[in-house]
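What follows is a structure written as structure tokens; I'll ask about it next.
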Amino acid sequence: QVQLVESGGGLVQPGGSLRLSCAASGIVFSSYPMGWYRQAPGNQRVLVAAISSDGYTTHYSDSVKGRFTVSRDNAHNTLYLQINALERADTAVYYCNTVPGRNLWGQGTQVTVSS
């Protein structure tokens with residue numbers, strides 16, 4: 001059974017930082033490109049950061065480029081997202097999944113940026 005479990009979200013002031021984690025099980029994690037997606041209230045879920053299976057190549061949406069850093073630890077089946085300089089527009093539920101996304105969505109982790 002495939003499981004993707006996100007953690008690390010919370011309430012942060014604008015300008016703050018968070019590190020999100022995604023623990024994967026039930027898949028050969030190192031074989032898949034992975035990504036972080038987010039869904040803000042009233043909006044569709046969108047891909048904001050992606051990383052190749054070997055971790056050497058990353059891609060970011062324009063809205064997060066320069067502030068978000070995606071990384072992975074294939075030895076421990078874990079995906080990370082370092083978020084710096086948080087903005088109110090970053091408020092969303094963050095999910096991890098393969099790229100492209102499969103029907104493997106976890107519960108996500110809520111990130112709320114507010115003063």
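Among the residues of the stretch 1-53, how many are in a strand (DSSP E or B) and either in contact with a Pro (Cβ under 9 Å, 6 or more places away or on another chain) or open to solvent by 60 Å² or more (accessible area, probe 1.4 Å) (or both)?
Qualifying residue count, the stretch 1-53: 10.
Related question: Within the stretch 79-110, can you find the residues that are of a type outside the set (A, V, I, L, M), assigned to a strand (DSSP E or B) and buried (at least 17 other Cβ atoms within 10 Å of the Cβ)?
Y80, Y94, Y95, C96, N97, T98, T109
Looking only at the stretch 62-78, count how many residues are farther than 15 Å from G16 by Cβ, more than 12 Å from the chain's Cα centre (by Cα) and open to solvent by less than 60 Å² (accessible area, probe 1.4 Å).
Residues in the stretch 62-78 being farther than 15 Å from G16 by Cβ, more than 12 Å from the chain's Cα centre (by Cα) and open to solvent by less than 60 Å² (accessible area, probe 1.4 Å): 3 in total.
Take the stretch 38-76 and flag every residue that is modelled with pLDDT under 95 and over 19 Å from V93 (Cβ atoms).
Correct list: empty.
The values are calculated or read from the model by the stated rules, or taken from the named source; none is laboratory data. Computed from a prediction, not measured in an experiment: that's the story for all the values here. Glycine also receives a Cβ, built like all others from the backbone with ideal geometry; neighbour counts cover every protein chain displayed. Each accessible area value is taken on the protein alone, full model and side chains, heavy atoms only, with ligands, DNA and RNA left out. Shrake-Rupley method; radii C 1.70, N 1.55, O 1.52, S 1.80 Å.
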